[in-house]
Every structure is written in structure tokens, then in C-alpha cells.
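The values are calculated or read from the model by the stated rules, or taken from the named source; none is laboratory data. Being a predicted model, the structure only gives us computed values, none of them experimental. Counting neighbours? That spans all protein chains shown, and the Cβs are built from the backbone with ideal geometry, glycine included. Note: areas computed on protein heavy atoms with side chains; ligands, DNA, RNA excluded. Shrake-Rupley method; radii C 1.70, N 1.55, O 1.52, S 1.80 Å.
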Amino acid sequence: MALSARSLSQGVAAPRHSMRYVSVHSRRAPALRVANVDEATFAKEVLQADKPVLVDFWAAWCGPCKLVAPLMDATEKEHGSSIKVVKVEHDKNPALIEKYKVYGLPTLILFKGGEPIEGSKREGAINKAMLVDYLKKYSVI
């Protein structure tokens, strides 16, 4: 039943549809969120960790960082027993950015035994297959 503008203006109620709108998100399990670390917690969370740590340097204004974020959550969920995943926000942690020479975003660096794994710094967006290859290359999964 189509309603004209005139019938709507005269207070005629719109027909009720039998369709129910259900948010797709309401059926999903809560997303696992990777821990954010900063200059104050970096040593404890990364350098003193008892397993390898994948550090994702990111920024809120970085488009590719937003593409990589769900992948970091999935990596923590799938490989959390063998690797820890953390995020460092670029703009709020200039000392870490300078120390680890983060020039492009997103940047991934693997740490093991309190030190960055040599050659593990990687800049730019990455897909799941590339990330798995990257983690296997450095023997962390």
C-alpha cells in the first residue's frame, strides 16, 4: 500500500511491515582487542615479555593502520599462546617512535628476549597470508 504525502500529512499511519531488522553485530562474539602500550608500559609489556611480541605502531589518522587493526586482533586470538600482540600509538609515544626509527605507518616489529628481532621491521599494510609468512620467517609461530 503506497502512501501519498497528503495521506501522511493527514495523520494516516504507515503500514506495519512484518520484516524485523536485526543488527548483524548483535550476533557476533565480542571482538578481542589487542592491548595498547605506551612509553610507560613498553618495557614491562614488550621487553620483559616471556614470549615473542609483535608490536604494531599505528595512528588514528592512518588509513592502512585501520585495515591492519582487525588482523592484529585475529593474530592475538589465533596465535596468542605463542606470540603476544600489542599496539603503540604513534602520536602519543614519540620516544618509542624515535628509538625504533618508525618512519612509515603501520610498522610492525617483532621483539624477542627484550630486543627487536634483526630485520623484522616491516612498514605498510599487510594481509593475513603475508602476516603468517612474516611470523613464520622469524620463527615466532
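Hey, can you grab everything whose amide H is under 5 Å from the amide H of ASN36? Only 5+ residues off in sequence or another chain; H modelled, so Pro and N-termini drop out.
LYS87
Under a 1.4 angstrom probe, counting protein chains only, how are SER139, SER120 ranked by accessible area, largest first?
Ranked from most to least accessible, the order is SER139, SER120.
So for each of 110-116, 51-57 I average, over its residues, the number of other beta carbons within 10 Å; can you give me the resulting order with the highest mean first?
Taking the mean over residues of other Cβ atoms within 10 Å, the ranking is 51-57, 110-116.
How much of MET130 can a 1.4 Å solvent probe reach, expressed as accessible area in Å² and rounded to 10?
Ignoring ligands and nucleic acids, MET130 comes out at about 80 Å².
What list of ³J(HN,Hα) couplings, whole Hz, do you get for the stretch 106-111 from phi and the Karplus terms 6.51, -1.76, 1.60, once you set θ to phi - 60° and write x for glycine and proline?
x, 10, 10, 9, 8, 10
Using the reciprocal of the averaged 1/r over all distinct C-alpha pairs, how large is the Kirkwood radius of the stretch 67-124 in Å?
Final number for the Kirkwood radius of the stretch 67-124 is 12.4 Å.
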